[in-house]
Amino acid sequence: MKRLGILNSDIARVLAYMGHTDTLAIGDCGLPVPDTTERIDLAIEFGKPSFMDVLKPVSNDMKIEKIVLAEEICEQNPEMLEKIEQLLKKIEQETGKKIEIEFVSHTELKKRTANGKAVIRSGEITPYANIILQSGCIFG
């Protein structure tokens, strides 16, 4: 039995399979998941687990070189954007590497989930609490 890291076997498997530039999305409970993309559904009720409850352990277990957010988060959910930025700053301080942030329309973000390894669905119920994480190279 695992002692450290992510215990969810589906998330742990997807992270282990990922290579440099592969992507993984974490979304709120309303983010649509394309039929061609693996869905890892963690939502148990409205708000649980929260978006940040999922993002924090995933970001601890994954080397992230870039994130993609919906530009709508800036005006529609600035509190969540601030939490994401604080987490990124912490990761950057620990690793010494800058994480690129790209803002796209929410429509474009939803399209891009079709190219990812999986979409992890949280129970989050605040608007635009969705992110695409792009994997970095672990030995660079």
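Quick notes on this structure:
- Subset of the stretch 89-105 [outside any loop (DSSP other than H, G, I, E, B) and either in contact with a Pro (Cβ under 8 Å, 6 or more places away or on another chain) or not polar (S, T, N, Q) (or both)]: K89, K90, I91, E92, E94, E100, I101, E102, F103, V104
Matching residues to (1) surrounded by 16 or more Cβ atoms within 10 Å (Cβ to Cβ); (2) acidic (D, E); (3) assigned to a helix (DSSP H, G or I):
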residue: C29; (1), (2), (3): yes, no, no
residue: D35; (1), (2), (3): no, yes, no
residue: V54; (1), (2), (3): yes, no, yes
residue: E65; (1), (2), (3): yes, yes, no
residue: E75; (1), (2), (3): no, yes, yes
residue: L81; (1), (2), (3): yes, no, yes
residue: I84; (1), (2), (3): yes, no, yes
residue: L87; (1), (2), (3): yes, no, yes
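- Summed over the stretch 14-65, the residues that are in contact (Cβ under 8 Å) with a residue 60 or more places away in the chain, acidic (D, E) and farther than 25 Å from E85 by Cβ give a count of 3.
- A114 under 11 Å from A25 (Cα atoms) and surrounded by fewer than 17 Cβ atoms within 10 Å (Cβ to Cβ): yes
- Counted residues, the stretch 103-140 - those being free of Cβ contacts under 8 Å to residues at least 40 places away in the same chain, within 26 Å of D41 (Cβ to Cβ) and in contact with a strand residue (DSSP E or B) (Cβ under 7 Å, 6 or more places away or on another chain): 3
- Scan of the stretch 106-140 for residues that are within 13 Å of the chain's Cα centre (by Cα) and either aromatic (F, W, Y) or part of a strand (DSSP E or B) (or both), ordered by number: A118, V119, I120, R121, Y128, I131, I132, L133, Q134, S135
Read the figures in this text as sums done on the coordinates, not as results from a lab. The structure displayed is predicted, hence computed values, not measured ones. Because the Cβ atoms are built from the backbone with ideal geometry, glycine has one as well, and the counts that use them run over all protein chains shown.
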